[in-house]
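So the structure is just underneath, and the comments pick up after that.
The values are calculated or read from the model by the stated rules, or taken from the named source; none is laboratory data. Here the structure is a predicted model, which is why all the values come from computation and not from measurement. Positions of Cβ are backbone-derived with ideal geometry, glycine not excepted, and every protein chain shown enters the neighbour counts. For the accessible areas, the whole protein counts, side chains as well, though only heavy atoms, and no ligand, DNA or RNA atoms are used. Shrake-Rupley method; radii C 1.70, N 1.55, O 1.52, S 1.80 Å.
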Amino acid sequence: MVRMRGKSTRLSALTVAGFAAGLMLIGTAPATATAQTSSATGAAEPEVAEPDIPVLGQAVGGQSAGSVDPTRQALVSLHGVRRADSSTVVYWSAGWTPDTESGDRADLTNTFSHSLSRLGLKRPHGETTSDVAVVDVEGMKAYTPVINEQEACYCSDFLTALPSEYGVDVEPAPGKAYVMYAILPELPESLESATVKVAGKVFTDVPVEDGEMTPEVDADEPILVGTGWPELEPSSIQEVGDLDRFVYSLSKNSAVLDSGVSNREEEEQTSIDISASVLFDIDEAALTENAAAEVRTAAGQIKDSGITGAITVTGHTDSVGTEEHNQDLSERRAEAVVEEITAHLPDDIEVESAGKGETEPIASNETDAGKQKNRRVTITIPGDAS
């Protein structure tokens, strides 16, 4: 993890129990914390009103702690998506709900999601606090936390972001939430709102605002919600170099009725997938009697798109069997489809074949349904073929 360091400006002796209790109400509007300070003698001083704490979305995640212990409920709150120094900072928080029996730091982090799988994204880093994405739905792009060459993410280190037996607090207390952050590549200037995924939760219509959140406090120790926001250096992600690696193209999926043909529209191309189950028998590369109709359906979409030039037909398999066998099978299946589809296309369209074996799955190979999706022949054409 990469922890952003800076001088501490933590607000002194703020008690945020009132805020935390309000924050834990699902669906509350942005809350305002009212805190009391006390002098060294213990005498009460006038109440001090905290700034409004923006709450742009909240969701509860549960973790079953076994057959004896009760289910523990963690609350994830989204506080801000901010443009800052040619980057984007997402501020969020996590903590146990007030009615949850006490649980330790490990239990709390286990309630977060460990991947961006719900958005179909594959990341080399599985840390829970890096499970953040800002999605530009119209632009079909997902912006994710920057990761350096050591696979350390520009995001909160939960070892310092959450209290533990090694810190001042023995464990994260019920009713208290702790601030997290993640630094992402710069969003388009035209983007005013986005869909945001944080810790396994998805929030829609989230406003994108300018400037880091204040007041800023030291990010190297737990920050209780209501006491400030982490002091960061968002521009430091520029040291990583090519930030486009952390921006993913998304796809729109559609299917042809009563057919094994489906489309995935992406930013600059359309992929037409034909299920291998309607083209081939198991472990075979010869087209079945029903395959011709499926290939003609795909050929019709290609002709309707009006494209010219080269298209690519690529065979894919699931992960069953050896890599060598799957690679060979995918190549032979692609060649079989090329031979069939060429007869149904104009002469000015060049058709190339390729095989990827099991290397480019579009679903999990851990389930039968996922394996079936991965067994396919994909025709890639430029532009929109819908």
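Of all residues in the range 310-327, which are more than 22 Å from E358 (Cβ to Cβ) and either open to solvent by less than 30 Å² (accessible area, probe 1.4 Å) or in contact with a Phe, Trp or Tyr (Cβ under 8 Å, 6 or more places away or on another chain) (or both)?
First, pick out the residues of the range 310-327 that are more than 22 Å from E358 (Cβ to Cβ): 310-311.
Listed by number, the list holds a single entry, I311.
Filter the range 278-300 down to the residues that are touching a strand residue (DSSP E or B) at 6+ places or on another chain (Cβ under 9 Å) and open to solvent by 30 Å² or more (accessible area, probe 1.4 Å), then identify the one that is nearest to I362 (Cα to Cα).
Here the answer is V278.
Matching residues to (1) within 23 Å of Q73 (Cβ to Cβ); (2) assigned to a loop (DSSP other than H, G, I, E, B); (3) not assigned by the TED database to the domain that holds A74:
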residue	(1), (2), (3)
Q150	no, yes, no
L159	yes, no, no
I183	no, no, no
D205	no, no, no
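Output the residue which, of all residues in the range 153-195 that are over 29 Å from E266 (Cα atoms) and of a type in the set (G, A, S), is modelled with the lowest pLDDT.
Ranking the candidates gives G167 first.
For the range 351-358, state whether one or more residues are open to solvent by less than 20 Å² (accessible area, probe 1.4 Å), at pLDDT 95 or above and on the phi < 0 side of the Ramachandran plot. If you could, list the steps in order and put the result at the bottom.
We begin by selecting, within the range 351-358, every residue open to solvent by less than 20 Å² (accessible area, probe 1.4 Å); these are 355, 357.
Checking the rest, the ones that are also at pLDDT 95 or above come to 355, 357.
From what's left, on the phi < 0 side of the Ramachandran plot: 355.
Scanning the range 351-358, I find at least one residue that is open to solvent by less than 20 Å² (accessible area, probe 1.4 Å), at pLDDT 95 or above and on the phi < 0 side of the Ramachandran plot, so the answer is yes.
Go through the range 98-152 and report how many residues are open to solvent by 10 Å² or more (accessible area, probe 1.4 Å), modelled with pLDDT under 65 and over 13 Å from the mean Cα position of the chain (by Cα).
1
I'd like to verify a number: residues in the range 330-343 that are surrounded by fewer than 19 Cβ atoms within 10 Å (Cβ to Cβ), within 24 Å of E268 (Cα to Cα) and not polar (S, T, N, Q), how many?
0
Please list, ordered by residue number, the strands (runs of 3 or more DSSP E) wholly in the range 255-357 having 2 or more residues that are touching a residue at least 12 places away in the same chain (Cβ under 8 Å), in the same structural domain as V377 (by the TED database) and more than 27 Å from G139 (Cβ to Cβ).
So the answer is 269-275, 309-316, 349-357.
Quickly run through the range 185-203 and pick out the residues that are free of Cβ contacts under 8 Å to residues at least 60 places away in the same chain and either under 12 Å from the mean Cα position of the chain (by Cα) or not in a strand (DSSP E or B) (or both).
Hits for the range 185-203 are P188, E189, S190, L191, E192.
Report yes if D220 is in the same structural domain as V135 (by the TED database) and touching a residue at least 60 places away in the same chain (Cβ under 8 Å), otherwise no.
yes
Tally the residues that are in contact with a strand residue (DSSP E or B) (Cβ under 6 Å, 6 or more places away or on another chain) and part of a helix (DSSP H, G or I), restricting the search to the range 230-246.
Number of matching residues: 4.
Just to be sure I understand, how many residues within the range 199-225 are of a type outside the set (G, A, S) and under 22 Å from D85 (Cα atoms)?
Adding up the residues that qualify gives 13.
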